[in-house]
Each structure stands twice: as C-alpha cells, then as structure tokens.
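Student: Attaching a single structure in structure tokens format; questions to follow.
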Amino acid sequence: MFYGAAQWDPWLIVAQIVCLQCLYYLTVGLCLSLLVAPRVSKMSLVYFFDFATVNASAPTGWCVIASIFLSSIAGAGVLVYLVERTRKCLDFSSTLYIIHLFICLLYGGWPSTITWWVVNITGLAVMALLGERLCMKHELRDIPVGRHRSNTI
C-alpha cells in the first residue's frame, strides 16, 4: 500500500505508524466491545489504557487479555499490507507498543503489574513474528507471467 522508492521518506514512515496505531486501537476496541462490553455496565478508556484491567484473576481481565492478543494477530495481518517488508515488521511492531506504553503512562501511570508486561511483550512478539512470517510469504510469491506471449519480434 505505502511501499515506495528505496529512498528514506520520513512522511511515509510517519503515515504508516499513524495508520498502524489507529488500526490497532480500532481492532482493540472491536474486540473489547465483543468480549468485555457484555460483562461490564459501562465501557470506557480504562480497558484500553489502564494496566489494572489486565489481570488474570478476573473473567473480565481475561477478556481484556484476549482482546490484546486478538489485536496483535490482526496487527500482523495489517503489517502485510501497510509495511509490506519483512525486515520492517519488528520496527513497526515495537514502535506501536512503545507508543502504547507512553499513552498508558499518561493515562494511568507506570504499569506496575507483571501481567501487563507479560501480555504486552507477548503481544509484541506475536505481532512481529507473525507479521514477519506473513510478509515473507507475501514477498516470496511467484510473479505472475501472462499466458499469451506477443508474437511480435
């Protein structure tokens, strides 16, 4: 989609990061609305950015964890079409989760639970590794050659 010339284009990189971040939060929101919304009385940004909601001791916490993992899998699929390069998947995945960490810091303070760190680092690994695998598969596709050749010499 945004794959361009071999030269360094900072505006392209910023656009890719913004698109990836927006699509990530869109998928997190969709997953949270499907998994968490039926369990709680009121949805809020707490489920996106507060580290306290990511806990393994409550059913709602497990739904938040599942939403994060499903979003990282969807993010790997987005990497194929947005980044299109295997060698850039780790960079873009790391950038996404670092920006998410900064937003969480601003929203709820330093994430002090080990569960939050394990879930987000695992989500980063899933997104990066699965994204690399899918991008590699996409890059190694055969180039289609037309069936009919021109008879002009």
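Rule-based calculations on the coordinates, nothing more; no lab input. Predicted, not measured: the structure shown is a model, and the values here were computed from it. Quick reminder, even Gly has a Cβ in these numbers, built from the backbone with ideal geometry, and neighbours come from all protein chains shown.
Student: For the chain, just the Cα set please: Rg and Dmax, both in angstrom.
Tutor: Every Cα atom of the chain included, Rg and Dmax give 18.9, 73 Å.
Student: I need the helices of the chain that pass two filters: whole DSSP H segments spanning 27 Å or more by Cα along the axis, and mean Kyte-Doolittle score no lower than 1.6. Don't skip to the answer; put the middle values down first.
Tutor: Details: long enough: 10-35 (37 Å, 1.82); 59-82 (34 Å, 1.67); 89-108 (28 Å, 1.55); 114-139 (37 Å, 0.79).
Long hydrophobic helices here: 10-35, 59-82.
Student: For the chain, modelled as a Gaussian network with Cα springs under 10 Å, which listed residue fluctuates most, ALA58, ALA37, ALA128?
Tutor: ALA58
Student: Taking the Cα centre as origin and putting +1 on Lys and Arg beta-carbons and -1 on Asp and Glu beta-carbons, what dipole magnitude results for region 12-153, to the nearest 20 debye? Display every interim value, and only then the final one.
Tutor: Working: 10 positive and 6 negative charges, 82 e Å.
Roughly 400 debye for region 12-153.
Student: So the label point goes 7 Å from the Cα of ARG133 along Cα→C-beta, right? Which residues of region 85-115 then have their backbone N under 19 Å from it?
Tutor: Once the point is set 7 Å along Cα→Cβ of ARG133, 85-94 turn out to lie under 19 Å by backbone N, inside region 85-115.
Student: Also: For ASP142 and CYS22, FRET efficiency with R0 = 30 Å and r from the beta-carbon atoms, rounded to 0.05? Provide the component values of the computation, followed by the final result.
Tutor: Values: r = 33 Å, r/R0 = 1.09.
Efficiency computed from Cβ-Cβ geometry: 0.35.
Student: For the charge dipole of region 10-139, defined by +1 on Lys and Arg C-beta atoms and -1 on Asp and Glu C-beta atoms about the Cα centroid, which residue among ALA56, THR113, ILE99 has the Cα displaced farthest towards the positive pole?
Tutor: The residue sitting farthest along the positive end of the dipole is ALA56.
Student: Tell me the mean residue ellipticity at 222 nm calculated for the chain from its helices only (DSSP H runs of n ≥ 4, each -39500 (n - 2.57), averaged over every residue, nearest 500).
Tutor: Details: 5 runs with 100 residues, N = 153.
Result for the chain, helices only: -22500 deg cm²/dmol.
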